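Everything below concerns the one structure shown next.
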Amino acid sequence: MASTDTTPAARPEHAGDNGDNGDLAGLEAGLDALETVQSGRPPLRETLLRKVLPPAVAVVLVLVVWQLLVWAKVTDAYKLPSPSAVWGEIHDAWLRGTLLGYIWTSVSRGLLGFALALVIGTPLGLLVARVRFVRAAIGPILSGLQSLPSVAWVPPAVIWLGLNDSMMFTVILLGAVPSIANGLVSGVDQVPPLFLRAGRTLGATGLRGTWHIVMPAALPGYLAGLKQGWAFSWRSLMAAEIIAQSPDLGMGLGQLLEAGRTNSSMSMVFLAILLILVVGIAIDLLIFSPLERWVLRNRGLIGRT
């Protein structure tokens, strides 16, 4: 009788343990499966349909409309060249070996100027965001500089520094630094105070707290400021290259655009516009889009892209 009394009581206890363990194992397996689905790469066909096909269709539609306008003779031929005429200009520049030179001259200036703006704008943004007196003194000035057209800096930069690369970099810095600094300030302002208190509790204060708490939490706003800073860098450089003409400066895309206007060659003008647009798209796809995906992936938001 003793054995029959104790056995039924023991069985439900073990059965409950097994059930709990099974539930926990199922929950862990479900979470692992969910995490795998979110972090997995989409199939190549889906990527082509979602990301490659739409811009390709848009480009084809633009070319078709462009050619139709040429055939309809909505304006004189010298004002609106055909796509084939622009392609011929590209082909001739490639055969002369000058096409890549145009691109590299401007891209190297733009990237170096943006790097300098990044080195200056990041600590400036942190200083404005973290020190109230500095924000009250410099914050409105940065906002005003950000709204000032970059082309306004070209004449004084030419007078101050002359027709050289230093003038180009000065115009880029004056156009890009305010955007980078304001983007970081906006990102820091959106950091939850709980993060800062938790960091101080764990001993992350001063520079350590800025590096481990503030900067990671402010990364989305900072990245938006970087994108805007690059846009201002590129536009500032094009304005400087269009206005400042000198053999010592070489032939960048802005100089190419101005040369087409001077020679009344609309095919050259369209070539310069096309190259400026392509470079801007390429920088976004090669640099900023991967950075955005990395931020989203680290924050568990990659499934929403």
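The numbers here are math on the coordinates, done by the rules we state, and not lab data. For clarity, every value in this text was computed on a predicted model and none was experimentally measured. No Cβ is skipped: glycine too gets one built from the backbone with ideal geometry, and neighbour counts run over all protein chains shown.
In order along the stretch 53-59, the Karplus-derived 3J(HN,Hα) couplings, from 6.51 cos²θ - 1.76 cosθ + 1.60 at θ = phi - 60°, round to 5, x, x, 5, 5, 4, 5 Hz, and Gly and Pro are given as x. For residue 163, no residue whose modelled amide H falls within less than 5 Å of its own remains once neighbours fewer than 5 places apart on the same chain are excluded. Ignoring lysines fewer than eight residues from residue 227 along the same chain, the ones with Cα atoms less than 25 angstrom from its Cα are 51.
Remark: 227, 51, 73 ranked as 73, 51, 227, counting other beta-carbon atoms within 10 Å and listing the fewest first. With a cut-off of 13 Å between beta carbons, the residues surrounding residue 186 carry a summed charge of +1, where Lys and Arg count +1 and Asp and Glu -1. Taking a label point 7 Å from the Cα of residue 111 along the Cα→Cβ vector, which residues of the stretch 252-278 have an amide N closer than 18 Å to it? Only 252-254, 275-278 fall inside the zone, counting backbone N under 18 Å. In a fully extended conformation the segment linking residue 147 and residue 245 would gain 32.7 nm over its present Cα-Cα distance, using 0.36 nm per residue.
Sorting 118-131, 228-241, 180-193, 154-167 by their mean Cβ neighbour count within 10 Å, with the most densely packed peptide first, gives 228-241, 180-193, 118-131, 154-167.
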